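Structure first, commentary second.
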Amino acid sequence: MGGLTMENKLLSLCTGMNSDAMKDQIGNFPLEGFPAKMKKLVLDVVRQENYPLDFTVVAMLSAAASAIGNSYQIKIKGQWLSSPILYMMIVGNPGIGKTPPLDFAYDPIRKDDSRRYAHFIEEMKEYERRKGNKNETGEPEKPVLRRSIISDFTPESMIRAHDANLRGLTIYVDEIMGMFQSVNRYSNGQLIEQLLTAHSGKPLNVSRCGQPLPFHIHQPCINIIGTTQTYRIKELLDMGFVENGMMDRFLFAYSPNRKIDHWKKDAVIAEEPGEIWSKIINKLMNLPCNIDNVNHMVNSEIIAMNDEAFDMMYAWRNDMVDRINSIEDEKKRDTRFAKDPLNLARIALVIQFLRWAFDEADKTFIDEKTMATAIQVINYFTDCYLQLMKILKEDNLDSIEKAWFEELPNSFTTAQAIEGGEQVGMAHRTVNRNLTRFVDKGFLKKIKQGQYEKV
């Protein structure tokens with residue numbers, strides 16, 4: 001199998017299935033470095049449920065990060081520590097299967113929340129009984145609902161929910177653009193400011209006149225997962241998410257697939273994927289999370305990288321910095337790179353614990369296999385982001401500009417550009433102006449005088 005492509009390696013594992021029918025589901029996600037048992041689980045889910053593979057693994061990464069929460073932090077360098085905080089968005093066209101993988105991945109956590117809610121209701125009944133009992137000495141302690149997932153909330157209720165569960169909180173919203181628009185309409189950007197702060201792991205402080213005491217979350221761990229349609233990504237720009245840095249914090253899983261898959265007869269699977277995944281998530285949720293109730297703080301266990309993983313991360317980061325520094329025009333430097341090392345470390349933490357949960361590795365340190373896989377995953381998210389940015393730029397072109405650009409070969413001369421312009425009715429002067437404009441926009445790269453390449 002050494003000479004096979006990633007796609008063929010995955011397809012070769014899917015015995016008893018029509019390979020052609022599965023190609024659109026595979027996507028470009030680098031699954032190779034994940035635990036063997038997890039790869040089999042993912043492929044079984046894809047076969048049985050017809051989910052896109054990349055969306056399935058991204059949803060599982062998010063759910064695993066949520067399950068780990070503040071129980072562990074990764075040591076990045078010096079005193080720089082981080083919990084597995086991941087802001088993720090699954091992007092694709094309607095009907096291709098964005099939401100079902102999320103439902104599968106988060107089902108064990110939702111069930112855990114349901115059990116907590118049922119227990120909370122019983123505690124509240126007992127609290128009310130004791131409160132109304134004249135023979136009761138002292139005021140009984142009022143129960144607190146601890147949950148891991150919130151979907152419909154205000155900025156204040158988000159902080160309240162996190163205060164009740166210092167292990168961590170996940171914002172899970174199917175159509176995430178609607179959440180940003182509706183919440184911000186009433187909070188004057190308060191939610192965004194809180195989420196920007198939370199992503200960095202810095203303390204959250206909220207004071208309200210109606211509250212006797214302010215909320216203080218010393219070590220926030222808030223994950224975000226949601227879906228949206230491709231055409232709605234532009235709304236992130238309209239909401240100022242580039243300027244305020246929110247765009248840089250999100251990891252986008254994007255599928256350009258425009259086909260809606262046919263339903264296929266359920267594959268025969270030896271073991272139920274949902275039961276296997278529940279065991280993995282429960283194992284992660286059962287990791288001890290040490291909470292100092294006196295100071296209302298979390299004392300996370302710390303996991304460091306071994307020397308090989310450390311060297312790999314630094315080499316990857318410094319290579320990226322060299323490429324950024326080589327861009328002389330600072331306006332063309334993408335600010336996103338500043339958050340990539342942090343997201344890389346967090347992904348490595350999640351992958352190491354997935355390998356532990358699947359009995360493939362221990363959890364004493366982040367090893368080189370985990371770091372190599374994490375680098376492949378962060379590169380996947382970077383590729384998705386670049387594809388989406390290309391779409392946003394192209395959406396700002398008129399029909400003639402799009403037709404002209406699409407007709408150009410990957411490498412061309414000014415004369416060829418003018419000839420292509422004539423075919424779509426574009427004047428010579430407009431072609432020359434567009435060559436300069438497209439270079440500025442990042443569509444084209446000027447190799448030398450009169451010679452261009454598509455980026």
Whether any residue in the stretch 124-144 is surrounded by 13 or more Cβ atoms within 10 Å (Cβ to Cβ) and under 19 Å from the mean Cα position of the chain (by Cα) is what I want to check.
no
Residues that are among the small types (Gly, Ala, Ser), outside any helix (DSSP H, G or I) and modelled with pLDDT of 90 or more, drawn from the stretch 388-428
SER411
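Looking at the structure I just gave you, is ILE447 surrounded by fewer than 21 Cβ atoms within 10 Å (Cβ to Cβ), farther than 29 Å from GLU308 by Cβ, touching a strand residue (DSSP E or B) at 6+ places or on another chain (Cβ under 8 Å) and among the hydrophobic types (A, V, I, L, M, F, W, C)?
Details: surrounded by fewer than 21 Cβ atoms within 10 Å (Cβ to Cβ): yes; farther than 29 Å from GLU308 by Cβ: yes; touching a strand residue (DSSP E or B) at 6+ places or on another chain (Cβ under 8 Å): yes; among the hydrophobic types (A, V, I, L, M, F, W, C): yes.
Taking the combined requirement at face value, the residue satisfies it.
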If I go through the stretch 99-123 residue by residue, how many of them are open to solvent by 60 Å² or more (accessible area, probe 1.4 Å) and either in contact (Cβ under 8 Å) with a residue 60 or more places away in the chain or under 30 Å from ILE224 (Cβ atoms) (or both)?
9
If I go through the stretch 62-79 residue by residue, how many of them are open to solvent by less than 10 Å² (accessible area, probe 1.4 Å) and either part of a strand (DSSP E or B) or farther than 22 Å from GLY95 by Cα (or both)?
10
Only one of these conditions is not met by GLN376: (1) modelled with pLDDT of 90 or more; (2) under 33 Å from the mean Cα position of the chain (by Cα); (3) more than 19 Å from MET313 (Cβ to Cβ); (4) surrounded by 14 or more Cβ atoms within 10 Å (Cβ to Cβ). Which number is it?
(3)
Going by the conditions given, is ALA403 under 23 Å from ILE351 (Cβ atoms), of a type in the set (A, V, I, L, M, F, W, C) and surrounded by 13 or more Cβ atoms within 10 Å (Cβ to Cβ)?
no
Among (1) hydroxyl-bearing (Ser, Thr, Tyr); (2) in a helix (DSSP H, G or I); (3) modelled with pLDDT of 95 or more - the single one TYR127 does not satisfy
(3)
Cβ-Cβ distance below 6 Å, separation of 6 or more or different chains: which pairs start in the stretch 232-253 with a residue that is farther than 12 Å from LEU196 by Cα and in a helix (DSSP H, G or I) and end on one that is at pLDDT 85 or above and open to solvent by less than 20 Å² (accessible area, probe 1.4 Å)?
ARG232/MET177; ILE233/LEU388; GLU235/MET177; LEU236/MET247
The correct count of residues that are more than 16 Å from LEU349 (Cβ to Cβ) and open to solvent by less than 90 Å² (accessible area, probe 1.4 Å) in the stretch 289-315 is 8
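The values are calculated or read from the model by the stated rules, or taken from the named source; none is laboratory data. All figures in this text were calculated on a predicted structure; none of them were measured in a lab. Quick reminder, even Gly has a Cβ in these numbers, built from the backbone with ideal geometry, and neighbours come from all protein chains shown. Side chains are part of the model used for accessible areas, which takes the heavy atoms of the whole protein and leaves out ligands, DNA and RNA. Shrake-Rupley method; radii C 1.70, N 1.55, O 1.52, S 1.80 Å.
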